[in-house]
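Report on the following structure.
The values are calculated or read from the model by the stated rules, or taken from the named source; none is laboratory data. This is a predicted model, so every value here is computed, not measured. Every residue, glycine among them, receives a Cβ derived from its backbone with ideal geometry; neighbour counts consider all protein chains shown. Heads up: the accessible areas ignore ligands, DNA and RNA and are worked out on the full protein's heavy atoms, side chains in. Shrake-Rupley method; radii C 1.70, N 1.55, O 1.52, S 1.80 Å.
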Amino acid sequence: MVEKIDHLGIAVKNLSAGIERYEKILGLECSGIEEIDEQKVRVAMIPVDGVNLELLESTDPNGPVARFIERKGEGFHHIAFRVSDIDKEVEKLKESGVRLINEEPRIGAHGARIVFIHPGSMNGVLVELVERED
Ligand code: CO
């Protein structure tokens, strides 16, 4: 069961330029940068009233975010929903025939366990489920 929107993922070519833009134009403040080797990204979290913007910069020209930018350009990449029990959610989704990109949870920012639902099952939107302690 979804508890809240956890973050919105935005693909950028250059992380520091992206952060500067959100800080200067919208007056927001980056709360931290983290490199996630498994997904070949560096991410910057920018909190807005309990929801994070997650700016994503690829660390590898063949990584998923680099390929996304190549195909579609910079911009909105995914929406992430917080769930309390991701293993239970995965079971339910598999039973109902929803296409998952990964069935085994991966480790995301702040040690979160994450699963991606294929955009083909979600009206063209890449959806991430996140389980983590606050
Ligand atoms: Co994310």
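Side notes on the structure shown:
- Just one of the listed residues (Phe81, Phe68, Phe76) is among the aromatic types (Phe, Trp, Tyr), farther than 24 Å from Glu133 by Cβ and surrounded by fewer than 18 Cβ atoms within 10 Å (Cβ to Cβ), namely Phe76.
- Of all residues in the range 91-114, exactly one satisfies the criterion of being touching an Asp or Glu at 6+ places or on another chain (Cβ under 6 Å) and either loosely packed, with under 12 Cβ neighbours inside 10 Å or β-branched (Val, Ile, Thr) (or both), namely Ile114.
- Every residue from the range 75-89 that is within 11 Å of the ligand (Cβ to nearest atom) and in contact with a helix residue (DSSP H, G or I) (Cβ under 7 Å, 6 or more places away or on another chain): His77
- So Gly124, is it under 17 Å from the mean Cα position of the chain (by Cα) and without any contact (Cβ under 8 Å) to a residue 12 or more places away in the chain: yes
- Some residue of the range 16-36 being out of contact with any strand residue (DSSP E or B) (no Cβ under 6 Å at 6 or more places or on another chain) and of a type in the set (Ser, Thr, Tyr): yes
- Restricting the range 16-37 to residues that are of a type outside the set (D, E, K, R) and over 24 Å from Arg82 (Cα atoms), the residue that is most open to solvent (accessible area, probe 1.4 Å): Ile25
- Any hit, the range 73-83, residues being basic (Lys, Arg) and either more than 18 Å from Lys4 (Cβ to Cβ) or assigned to a loop (DSSP other than H, G, I, E, B) (or both): no
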